[in-house]
Amino acid sequence: MTSSPTVTICSCLNSLSEGKVENITNHCSVQFETFIVHFITGFCISFVLLTLGTSSQADPTSGWAAWRQGNFQKAFLDCKEAAEKGVASCQALLGTLYKYGNGVSQDNSLSLQWLQRSADQEDAGGLEILGDTLVSGFNGVPKNIALAHELFVKSSIRGNTWADNQLGGM
């Protein structure tokens with residue numbers, strides 16, 4: 001019966017503490033090498049799995065960068081899955097795409113849904129964009145100046161300079 005590498009390492013350490021050097025040189029070095037190989041293999045597999053797990057996640061920064069460059073399809077693809085999983089910045093991006101019909105069909109209902117989800121999480125961008133939609137009555141959305149003001153203040157507190165501009169214009 002073969003013992004586990006951990007048990008074998010422990011018995012090797014016991015032999016060392018008892019001064020039984022011949023046990024270590026004859027048996028333990030092979031077992032220790034086996035233990036090290038298993039340890040390194042396990043570590044490498046764990047690292048690869050962790051790396052793969054994080055690389056498949058959407059990046060809101062790349063989505064917004066694509067939007068600024070006018071690559072609306074890439075922006076949509078970069079953020080759709082993350083928005084569905086609750087990433088507020090991606091929700092704001094999808095709301096913006098639907099608001100203007102950039103890369104998707106213009107849809108007030110979807111725009112407001114995504115923007116509201118983002119604003120519910122206190123995302124500065126989502127708050128400002130939803131406020132902008134409400135202050136202007138964009139695409140026939142009913143105007144709500146009081147709520148827009150409240151959203152701009154919340155967004156401004158979170159550092160959104162666009163919200164500052166909106167407040168200055170009210």
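Percent of Cα-Cα pairs per 10 Å bin, from 0 to the last occupied bin, for the stretch 108-170, please list those.
So the P(r) values, bin by bin, are 27, 58, 15.
Calculate, for the stretch 59-158, the solvent-accessible area per residue in square angstrom, rolling a 1.4 angstrom probe over the heavy atoms of the protein chains.
With the other protein chains kept in place, the stretch 59-158 gives 47 Å² per residue.
Rank these by accessible area, largest first, 1.4 Å probe: Arg68, Arg158.
My answer, sorted largest first, is Arg68, Arg158.
Determine the equivalent ellipsoid of the stretch 59-120 by diagonalising the alpha-carbon gyration tensor, then write out the semi-axes as square roots of 5 times the eigenvalues, largest first, rounded to whole Å.
Rounded to whole Å, the semi-axes are 15, 14, 8.
Would you kindly state how much longer the chain becomes between Glu122 and Gln69 on full extension, computed as 0.36 nm times their sequence separation minus their alpha carbon distance, in nm to one decimal?
So the chain would gain 16.5 nm between Glu122 and Gln69.
Pop out the carbon and sulfur fraction of the accessible area of the stretch 52-170 as a percent, whole number, probe 1.4 Å.
Exposed carbon and sulfur together represent 53 percent of the surface.
The values are calculated or read from the model by the stated rules, or taken from the named source; none is laboratory data. No experiment lies behind these values; they were computed from the predicted model shown. Note: areas computed on protein heavy atoms with side chains; ligands, DNA, RNA excluded. Shrake-Rupley method; radii C 1.70, N 1.55, O 1.52, S 1.80 Å.
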